[in-house]
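As structure tokens, the structure follows; a few thoughts come after it.
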Amino acid sequence: MINKMYYEQIEEVTMMNEAVRRLKEKGVKVTPQRVAILEYIVKVNDHLTAEEIHNYVKSKFPSISMATVYSTLQKLIEIGEVEELSIKKRGEACFEPKSEGHHHLLCTSCGKILNIALDCPPDCPIIKQSLIKGCKVNEVQAYLYGLCPECLRKEKEEKAAKS
Ligand SMILES: [Zn+2]
Ligand SMILES: [Zn+2]
């Protein structure tokens, strides 16, 4: 148990240093709040709303405002560390660490957004065309709508209970 905690702390410190290094490298003024925001987004590696990020950072810096969270997010998007999803989570913008392109599935029951890694087939009809309506397409990101594994399981259980 002691060992596990020890390693978790080491891991956190490493991640923190990594966040600081990346901010410095990109010429962003390093503040503890900015580091905490970036570190959290990278660590959770999910699709977080600004409010969820604010709630977490507030636990470390009680006086941090929502405006600071927004301006930090803008900065992190500008330097390519964070990406804002075009898909909304319960009507709210959400953010994730910048990564290789992937698709997103929105669970229409619980509102969760899941990453879906699907390679574009070489004969993808969209990529294959050099121009679509005069536009050059560089990347395809699909939005899928359906049920996440948990909601699917619940639905099956409910159906089984009824029959
Ligand atoms: Zn769900
Ligand atoms: Zn994602």
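The values are calculated or read from the model by the stated rules, or taken from the named source; none is laboratory data. Nothing here was measured: the structure is a model prediction, and the numbers come from that model. Because the Cβ atoms are built from the backbone with ideal geometry, glycine has one as well, and the counts that use them run over all protein chains shown.
Quick notes
- Which numbered condition GLN141 fails, given (1) assigned to a loop (DSSP other than H, G, I, E, B); (2) at negative phi; (3) without any contact (Cβ under 8 Å) to a residue 24 or more places away in the chain: (3)
- Which numbered condition LYS58 misses (of (1) within 14 Å of ligand 2 (Cβ to nearest atom); (2) free of Cβ contacts under 8 Å to residues at least 12 places away in the same chain; (3) of a type in the set (Lys, Arg)): (1)
- Subset of segment 139-163 that is surrounded by 10 or more Cβ atoms within 10 Å (Cβ to Cβ) and of a type in the set (A, V, I, L, M, F, W, C) - its residue that is farthest from ligand 1 (Cβ to nearest atom): VAL140
- Residues of segment 127-148 classified as hydroxyl-bearing (Ser, Thr, Tyr) and within 25 Å of the chain's Cα centre (by Cα), total: 2
- Filter result (touching a residue at least 40 places away in the same chain (Cβ under 8 Å), exposed (fewer than 14 other Cβ atoms within 10 Å of the Cβ) and in a helix (DSSP H, G or I)) within segment 41-55: GLU51
- If you go through segment 73-119 and pick out every residue that is in contact with a strand residue (DSSP E or B) (Cβ under 8 Å, 6 or more places away or on another chain), charged (D, E, K, R) and either within 11 Å of ligand 2 (Cβ to nearest atom) or in a strand (DSSP E or B) (or both), you end up with 6.
- When segment 59-69 is filtered for residues that are assigned to a helix (DSSP H, G or I) and surrounded by 15 or more Cβ atoms within 10 Å (Cβ to Cβ), the ones remaining, listed by number, are THR68, VAL69.
- Residue ID - farthest from ligand 2 (Cβ to nearest atom), chosen from residues in segment 120-134 that are at pLDDT 80 or above and aliphatic (A, V, I, L, M): LEU131
- Count - residues of segment 98-138 that are at positive phi and either more than 16 Å from ligand 1 (Cβ to nearest atom) or in contact (Cβ under 8 Å) with a residue 40 or more places away in the chain (or both): 2
- For segment 135-151, a residue qualifies if it is more than 16 Å from ligand 2 (Cβ to nearest atom) and at pLDDT below 90, and the qualifying residues are CYS135, LYS136, VAL137, ASN138.
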